[in-house]
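Written out below as structure tokens is the structure these notes cover.
Nothing in this text is a laboratory measurement; each read-out follows from the coordinates by a stated rule. Values in this document were obtained by computation on a predicted structure and should not be read as measured data. All Cβ positions, glycine included, derive from the backbone under ideal geometry; neighbour counts span all protein chains shown.
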Amino acid sequence: MRLPRGQIGTVKCPHCLRQFSADTRVARGGRGNATIIPSKAKIDRTRTQAGNSVTRSWKQALMGGTGCIVFGGLTIYLFSNGHEIWALLTAFAAFGGVLMAVRGRQGKCPRCGTTLHFEDRSSPSSCTMCGRYSRIEQGRVKFVEPGFVAPSASFKVPFDAFLIEPNKLAHRWPWHWPRPGRCCVCGATATRSKDYVVTLKAGFSAQGPLLREGKIQILHCDECSEGVVPRGGDELRFRSYDYWRQFCDLNDLPLVRE
């Protein structure tokens, strides 16, 4: 299904009923036909792949500065009362606030003009309107292109994308991984692996949700690391843009295809 030319809308996935952004080139659900819910937003056709300029993110500067002041004051209080270990932990948190305030950047999505916030100049960011990932290159915002590898795991897959219809009480398992025997970052022959344990929904009982643990094995070469990592107990993050897309396609995930 396609939206009217130049219009952005929302795809309601028939598999999990979640809603995702879509444009004229993106209107696919996980299984079956997707329902299109048009929105009033229009694609800014004046913006091009060349991107647009980047400025300081005052939103992140405000958040980081506030965190620095709060945790800095807490550090002084704890240290003066003899809690050196806790003071050290809050000092690290205050330093993180400084980094957020200094490194945060913002720009406009090259497709639809929505404001994007970047943690720093090297990390990509996804548009909340059209779903495209963009990055900063030479001081301008550009689309993430095939072959791009982020310095840290940035491309997201939420666990709830695996929920099974009709009741959505359990996650699909096992997951399917592309490039067997190959590094998940660069595609070279894998020489080592790293195991993670993820907690997934297995159903529901009178006592509450049933949970199960799943083990995933991530392959790397000697040069690469942290190619795929679980974050926050509810999502996977990928460094390689290509590997992320291949994983989504192989598992037929109800995510926006770019």
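Order by neighbour count: 117, 220, fewest other Cβ atoms within 10 Å first, most last.
The order, fewest Cβ neighbours first, is 117, 220.
R0 = 30 Å: FRET efficiency of residue 222 with residue 199, Cβ-based, nearest 0.05?
After rounding, the FRET efficiency stands at 0.45.
Going down the table (142/194; 108/201; 168/215; 156/194), which pairs top 27 Å between alpha carbons?
The answer is 142/194; 108/201.
For every other residue with a beta carbon closer than 13 angstrom to the beta carbon of residue 170, add +1 if it is Lys or Arg and -1 if Asp or Glu, then tell me the sum.
+2
Expressed in nm to one decimal, what extension gain is obtained for the pair residue 122 and residue 152 from 0.36 nm per residue of sequence separation less their Cα-Cα distance?
9.9 nm is the gain from fully extending residue 122 to residue 152.
Between residue 234 and residue 252, 0.36 nm times their residue separation minus their Cα-Cα distance comes to what?
4.6 nm
Counting Lys and Arg as +1 and Asp and Glu as -1, what is the net charge of the other residues whose Cβ lies under 14 Å from the Cβ of residue 189?
With Lys, Arg at +1 and Asp, Glu at -1, the net is +1.
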